[in-house]
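Written below as structure tokens is the structure these notes are about.
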Amino acid sequence: MIDYEQMTCEACRVGAPPATDKELDEFLADRPDWMRVVIDEEPRLRRVYAFKNFAGALAFTNTVGDIAESEGHHPALTTEWGRVTVDWWTHKIHDIHRNDLIMAARSDALYDGIA
């Protein structure tokens with residue numbers, strides 16, 4: 001298993017290669033709470049995190065927002081009572097990049113630290 005949460009995001013440019021099918025398949029096999037979805041014809045990684053209340057969901061959203069801002073790589077975040085939906089994908093390539101695997105793994109680490 002690749003330890004994505006310890007990896008560093010790289011600057012991504014238009015035309016950068018997406019994550020390979022092998023990388024994506026292995027990531028999803030190791031992290032079954034994540035799924036591949038397609039929204040507006042763009043593949044994304046999605047996970048729904050569960051919380052006991054809105055305050056916990058909001059705190060998690062803000063923490064994910066902080067790591068996203070520090071990396072300059074921003075997800076779609078939907079915060080509701082008792083849950084947060086996180087979508088990672090790379091806007092510049094309209095696909096899933098290795099950076100998205102890294103940030104998804106970091107999101108899991110944040111959740112594991114508070115859940």
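The values are calculated or read from the model by the stated rules, or taken from the named source; none is laboratory data. Quantities reported herein were computed from a predicted structural model and do not represent experimental measurements. Heads up, the Cβs are rebuilt from the backbone with ideal geometry, glycines too, and the neighbour counts pull from every protein chain shown. Ligands, DNA and RNA are excluded from the accessible area calculation, which covers all protein heavy atoms including side chains. Shrake-Rupley method; radii C 1.70, N 1.55, O 1.52, S 1.80 Å.
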Practice prompt. Using the Karplus curve 6.51 cos²θ - 1.76 cosθ + 1.60 with θ = phi - 60°, work out ³J(HN,Hα) for each residue of region 83-88 in order, rounded to whole Hz, and write x for Gly and Pro.
Written response: 6, 9, 9, 10, 10, 10
Worksheet item: Which net charge results for the neighbourhood of residue 52, defined as the other residues with beta-carbon distances under 15 angstrom from its beta-carbon, given Lys and Arg at +1 and Asp and Glu at -1?
Response: 0
Discussion item. Computing the accessible area with a 1.4 Å probe over protein heavy atoms, can you report the carbon and sulfur percentage for the chain?
Written reply: 51 percent
Worksheet item: What trypsin sites (Lys or Arg not before Pro) does region 1-88 have in DSSP loop regions with at most 12 other beta carbons within 10 Å?
Response: 13, 52
Discussion item. For a quick check: with amide H placed at 1.01 Å from N, whose amide H comes under 5 Å from residue 83's, ignoring anything fewer than 5 positions away on the same chain?
Written reply: 51
Practice prompt. Taking the Cα centre of region 2-50 as origin, sum charge times position over the Cβ atoms of Lys and Arg (+1) and Asp and Glu (-1), and report the length of that vector in debye to the nearest 20.
Written response: 140 debye
Item to complete: Sort 2, 67, 114 by accessible area with a 1.4 Å probe, largest first.
Response: 114, 2, 67
Worksheet item: Is the shape of region 49-93 best called rounded, prolate or oblate, per the rule: a/c under 1.5 gives rounded, else a/b larger than b/c gives prolate, else oblate, with a ≥ b ≥ c the square roots of the Cα gyration tensor eigenvalues?
Response: oblate
Worksheet entry | Loop GluC sites (Glu not before Pro), region 1-86, which have at most 12 other Cβ atoms in a 10 Å radius of their Cβ (DSSP) | 10, 41
